[in-house]
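Data first, discussion second: the structure below is written as structure tokens.
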Amino acid sequence: MPARDDDKSDTVNALARGFEVLDCVAAARRALTLAELAQLTAIPKPTLLRLLNTLIGLGHVRLAREGQGYELAAGVVRLAEAFLGASDLRPRARPHLVALAEECTASAFLGLRDGHEVLVVEAALSRSAAALIAADAGTRTLQ
């Protein structure tokens, strides 16, 4: 997660809380219950329910298929596609990543620095990888 400034005088608290909920669900990589989200975010349940209903209405969160929690929805894909599509770097780098992965019989990644983390934006796996590191676009690692 990107580092946050200490000066919050010019921020919108509700928006920050909404993204905090999205970050928690994304990091969990599974559906989270209301109780789990309340514990992870320290947001009171009534406020959390309003945030979740807003995120559901916007298409970024949905009720889990089992009905036991909340998970990411297709709206986050629209945001990710807009971010990834804003640069022509990925399509230009892809052939080089594939060639590198094949030559080294390993995985090759293109990452962007994001604060103290690296965000993988493209990955290529060798067809005969001797060592496989599983990371897809969107994976974050510490520098």
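The values are calculated or read from the model by the stated rules, or taken from the named source; none is laboratory data. Worth saying up front: this structure is predicted, and the values here are computed from it rather than measured. Virtual Cβ from ideal backbone geometry, glycine too; neighbours counted across all protein chains shown. Areas reflect the complete protein model, heavy atoms only, side chains present, ligands, DNA and RNA absent. Shrake-Rupley method; radii C 1.70, N 1.55, O 1.52, S 1.80 Å.
About its Cα centre, how strong a charge dipole does the stretch 26-121 have in debye, to the nearest 20, once Lys and Arg get +1 and Asp and Glu get -1 at the Cβ?
Numbers: 11 positive and 9 negative charges, 68 e Å.
Taking the Cα centre of the stretch 26-121 as origin, the dipole is about 320 debye.
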Legend entry - FRET efficiency for HIS116 and HIS96, using Cβ-Cβ distance with R0 set to 25 Å, rounded to 0.05: 0.40
Inset, instruction - Using the Karplus curve 6.51 cos²θ - 1.76 cosθ + 1.60 with θ = phi - 60°, work out ³J(HN,Hα) for each residue of the stretch 60-66 in order, rounded to whole Hz, and write x for Gly and Pro. - result: 9, 9, 9, 5, 5, 4, 6
Inset, instruction - Kindly sort CYS24, CYS104 by accessible area of their heavy atoms, largest first, with the probe set to 1.4 Å. - result: CYS104, CYS24
Inset, instruction - Using amide H atoms built 1.01 Å from N in the peptide plane, name the residues 5+ places from GLY111, or on other chains, whose amide H lies under 5 Å from its own. - result: VAL121
Legend entry - Potential lengthening between SER128 and LEU15 on full extension [0.36 nm per residue; Cα-Cα distance subtracted]: 36.2 nm
Legend entry - Distance in nm between pseudo-label sites at ARG30 and THR54 (7 Å out along the Cβ direction from Cα): 2.9
Legend entry - Whole-Hz ³J(HN,Hα) from phi, Karplus 6.51 cos²θ - 1.76 cosθ + 1.60, for the stretch 104-116, glycine and proline x: 8, 6, 8, 9, 10, 9, 10, x, 10, 6, 9, x, 9
Inset, instruction - Starting from the stretch 1-95, pick out the chymotrypsin sites (Phe, Trp or Tyr not before Pro) whose DSSP state is loop and whose Cβ has at most 14 other Cβ atoms within 10 Å. - result: none
Inset, instruction - Once you have a ≥ b ≥ c as the square roots of the Cα gyration tensor eigenvalues for the stretch 1-121, tell me rounded if a/c is under 1.5, and otherwise prolate or oblate according to whether a/b is larger than b/c. - result: prolate
Inset, instruction - Go through the stretch 33-43 residue by residue and turn each phi into a ³J(HN,Hα) via Karplus (6.51, -1.76, 1.60, θ = phi - 60°); whole Hz please, and just put x for glycine and proline. - result: 6, 4, 4, 5, 5, 5, 5, 5, 9, 6, 8
Legend entry - Area of ARG62 that stays accessible when all protein chains are in place (1.4 Å probe, Å², to 10): 90
